[in-house]
1. What residue, among those in segment 167-198 that are in contact with a Phe, Trp or Tyr (Cβ under 9 Å, 6 or more places away or on another chain) and among the hydroxyl-bearing types (Ser, Thr, Tyr), is nearest to residue 249 (Cα to Cα)?
2. In segment 119-135, which residues are open to solvent by less than 30 Å² (accessible area, probe 1.4 Å) and either in contact with an Asp or Glu (Cβ under 9 Å, 6 or more places away or on another chain) or within 21 Å of residue 218 (Cα to Cα) (or both)?
3. For a quick check of your reading of the model, give me the residue pairs whose first member lies in segment 264-289 and is open to solvent by less than 60 Å² (accessible area, probe 1.4 Å) and at pLDDT 90 or above, whose second is outside any loop (DSSP other than H, G, I, E, B) and among the aromatic types (Phe, Trp, Tyr), with beta-carbon atoms closer than 6 Å and at least 6 apart or on different chains.
4. Of all residues in segment 338-357, how many are more than 19 Å from residue 209 (Cβ to Cβ) and within 16 Å of ligand 1 (Cβ to nearest atom)?
5. State all residues of segment 160-181 that are in contact with a Pro (Cβ under 7 Å, 6 or more places away or on another chain), under 12 Å from residue 220 (Cβ atoms) and basic (Lys, Arg); if no residue qualifies, say none.
6. Select from segment 293-321 the residues that are assigned to a strand (DSSP E or B) and more than 9 Å from ligand 1 (Cβ to nearest atom) and list them in ascending order.
7. Given the conditions (1) away from ligand 1 (no atom under 14 Å from the Cβ); (2) of a type in the set (Ser, Thr, Tyr); (3) at pLDDT 95 or above, and given that residue 328 satisfies all but one, which numbered condition is not satisfied?
8. Enumerate the pairs (first residue in segment 213-224 and in the same structural domain as residue 258 (by TED's automatic domain parsing); second residue anywhere and assigned to a helix (DSSP H, G or I) and open to solvent by less than 30 Å² (accessible area, probe 1.4 Å)) with beta-carbon separation below 7 Å, excluding pairs fewer than 6 apart on the same chain, so at least 6 apart or on different chains.
Amino acid sequence: MRSAGASVFLLFLLLRSSDAKRYPSDDDSPKPMVQVAHIPQRPGVETPLVTPPTPTTPPTSPTPKTAPTPTTTQTSTTPEAPEEDKFLGPPECLQKNFTRASCDLVFCRPWERCIEGRCSCKPPYLCPDAGGAPVCGLDSRSYRSYCQVMALSCLRKRPTMSHFGGGCEADHPKFRGAVDPVSGVVTVFLPDAGSPGGGEELLVCRKLWNMATANVACRDSGNPLGAATTDFFLVTNDTGRPFPNQCVSVRCQGYESSLAECVIYDKRRSYQKRVATATCHTASAAPHECGFRCANKKCVSVDQTCNGVDDCGDHSDEMCCKGCRNTSFRCRTGVCVPEEAVGDGQVDCLDGEDEAQTHNTDKPGAKQKELKNSEYVSPKNGTSP
Ligand SMILES: [Ca+2]
Ligand SMILES: [Ca+2]
């Protein structure tokens with residue numbers, strides 16, 4: 001009896017244990033992860049999977065070897081190519097992306113004030129009351145000075161000035177500057193209340209035409225990065241379209257938002273003469289290689305840096321200079337200013353060395369001579385703060 005009872009019990013135990021084994025094995029179905037863990041071991045066949053990483057590793061290791069080298073050269077191509085340059089640099093200065101607004105190195109414009117190292121727009125009421133010539137705005141309002149209209153233009157971030165003097169009523173034509181998108185020919189319309197058409201359209205003469213002025217012309221016609229290239233165009237009878245038969249010289253500093261704000265003078269016949277053209281900086285006109293990248297991301301050649309001309313349009317190509325190219329003048333702050341700024345009666349260098357006596361005697365009134373035929377000279381003398 002005992003043994004029969006015991007064997008029944010044993011049988012019961014056996015049945016249970018087999019059940020218990022079966023359940024876990026069913027539960028194993030959600031355990032493919034464990035199986036997967038086994039699979040890699042199993043397939044020595046899958047060694048390829050492991051092998052790829054191994055071959056990948058060798059390429060990877062050369063890649064880093066090669067990669068760092070180009071990367072270093074690439075990052076340093078921009079700052080280092082300049083470093084090799086005799087004039088541009090040092091790199092520590094270039095890294096700071098100084099611009100025309102960095103008032104630790106340059107003066108702010110008369111309608112700006114220096115706040116924590118940056119030039120910011122003055123409220124127009126801070127412009128001096130006396131000594132300003134009235135200026136007509138594009139909005140047909142008359143402003144009491146160039147400073148006032150420029151302060152407003154600075155705050156609005158768009159051109160506001162039309163011309164000096166009267167004839168500002170809404171029915172009077174206002175200043176217009178244009179760059180022909182096909183030929184690149186630059187034209188200006190100068191309002192003149194006394195003339196039959198309310199003004200005249202003129203070409204821009206070759207004289208003094210440079211990148212700084214072209215930047216302004218292009219910005220005025222809707223290209224925020226200014227000009228990519230400047231050139232000249234010979235006016236003949238075969239030009240195929242009627243161009244104005246007279247041209248004026250235009251000199252800009254480079255920061256202006258419209259040619260209206262530049263000095264315009266010296267009207268002359270344009271026939272058989274070369275007149276200014278510009279190709280404005282658009283994405284498609286961007287140069288293939290970048291000798292120097294301006295703070296505003298525009299590209300200019302290294303030769304265009306430290307030459308006293310604001311080729312970038314934000315002046316960043318003239319802010320960090322060990323020396324100055326051509327005849328431009330180096331301020332002690334490392335900023336290059338054009339030759340004409342030396343001894344012109346206006347302090348351009350922060351320490352005033354461009355107006356030191358030695359320079360005055362060297363170049364007596366170079367600028368004044370240039371402006372002799374001054375029918376259109378803008379009376380901006382009232383701009384000093
Ligand atoms: Ca330059
Ligand atoms: Ca000066």
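1. Looking at the filtered set, the residue picked out is 187.
2. 119, 122
3. Matching pairs, first to second residue: 275/233; 277/233.
4. Going through segment 338-357 one residue at a time, the tally reaches 1.
5. If the condition is that a residue be in contact with a Pro (Cβ under 7 Å, 6 or more places away or on another chain), under 12 Å from residue 220 (Cβ atoms) and basic (Lys, Arg), then no residue fits.
6. Of everything in segment 293-321, those that are assigned to a strand (DSSP E or B) and more than 9 Å from ligand 1 (Cβ to nearest atom) turn out to be 293, 299, 321.
7. Tallying (1) away from ligand 1 (no atom under 14 Å from the Cβ); (2) of a type in the set (Ser, Thr, Tyr); (3) at pLDDT 95 or above, residue 328 fails exactly one: (1).
8. 216/259; 217/259; 220/259
The values are calculated or read from the model by the stated rules, or taken from the named source; none is laboratory data. Predicted model, so just to flag it, every value in this text is computed and none were measured. Note that we place each Cβ from the backbone using ideal geometry, even for glycine, and neighbour counts take in every protein chain shown. Heads up: the accessible areas ignore ligands, DNA and RNA and are worked out on the full protein's heavy atoms, side chains in. Shrake-Rupley method; radii C 1.70, N 1.55, O 1.52, S 1.80 Å.
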